[in-house]
Amino acid sequence: MLYKQKIFTQDEIQGQDFEGDEFLSCKFFGLNFHFTGFTHCQFETCDFSGSSFNIAHLDNCSFSGSKLSNIDWSQATIKACDFSGAIMKNCRLVQFKNSSRTQRKKFSLNDCKFKGTDLGDGVFELCNLCEVNFTKANLIKTVFEFCDLKKTDFVQAKLDGAQFIDCKIEQTKLSLEGFVAFGQSKGFELA
């Protein structure tokens, strides 16, 4: 089904399963996606401002040009989603064991794409990001903590002020400009 410029209500979303649907310029303001599932759905220039994904499932969805900022993804299941071109500023990508809010577990995002995504001021904690595409992404002041970044692609990504804390970095791709910007944000000067 195709939804164009629709403003969704809580009753239309909560507990629903959507499969193969397209959402064009739709609004999901302040909604709680509680027990909501999206499979093979496309969201183009949609706005999720003030929403929360509480026990939500996203499988093979794309979010081109959509606003997904200030979201805590700890209660969501994300599989093979394409966030390329989305705005995801100040998001927290972490998973917790069972109902614990302190014991983290590995969050596998290695089948997702973040090409050209605005992830500024975000946090990735204990994430598997092996071979993930972050090319041309805005990662300014983004924190990667205990993440697996093996073969991850950061070519032409904006890395000013980004932090990589106890991450596994192996064959990780970084352009010269990104390397210099990252170094300068840490106080290094190019001689």
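The values are calculated or read from the model by the stated rules, or taken from the named source; none is laboratory data. These numbers come from a predicted model, not from an experiment. Methodologically, a virtual Cβ is constructed for each residue, glycine included, from the backbone with ideal geometry; neighbour enumeration extends over all protein chains shown. Each accessible area value is taken on the protein alone, full model and side chains, heavy atoms only, with ligands, DNA and RNA left out. Shrake-Rupley method; radii C 1.70, N 1.55, O 1.52, S 1.80 Å.
Things worth noting here:
- Residue in the stretch 46-62 that is in contact with a Lys or Arg (Cβ under 9 Å, 6 or more places away or on another chain), under 23 Å from Gly120 (Cβ atoms) and at pLDDT below 95 present: yes
- Scanning the stretch 142-165 for residues that are out of contact with any Lys or Arg (no Cβ under 7 Å at 6 or more places or on another chain), under 16 Å from Leu93 (Cβ atoms) and of a type in the set (D, E, K, R) returns a single hit, Glu145.
- Only residues that are part of a strand (DSSP E or B), closer than 22 Å to Cys112 by Cβ and open to solvent by less than 50 Å² (accessible area, probe 1.4 Å) were counted in the stretch 1-23, giving 2.
- On the stretch given as the stretch 169-189, residues that are open to solvent by 100 Å² or more (accessible area, probe 1.4 Å), modelled with pLDDT of 75 or more and of a type in the set (S, T, N, Q) total 1.
- Lys113 under 14 Å from the mean Cα position of the chain (by Cα), under 22 Å from Ser69 (Cβ atoms) and basic (Lys, Arg): yes
- Candidate set: the stretch 30-44, residues that are outside any strand (DSSP E or B) and in contact with a strand residue (DSSP E or B) (Cβ under 7 Å, 6 or more places away or on another chain); chosen: the one most open to solvent (accessible area, probe 1.4 Å): His40
- Total residues in the stretch 45-63, condition crowded, with 17+ Cβ neighbours inside 10 Å and not in a loop (DSSP other than H, G, I, E, B): 6
- Identification of strands (runs of 3 or more DSSP E) wholly contained in the stretch 64-160 with 1 or more residues that are open to solvent by 60 Å² or more (accessible area, probe 1.4 Å) and within 18 Å of Ser52 (Cβ to Cβ) yields 76-79.
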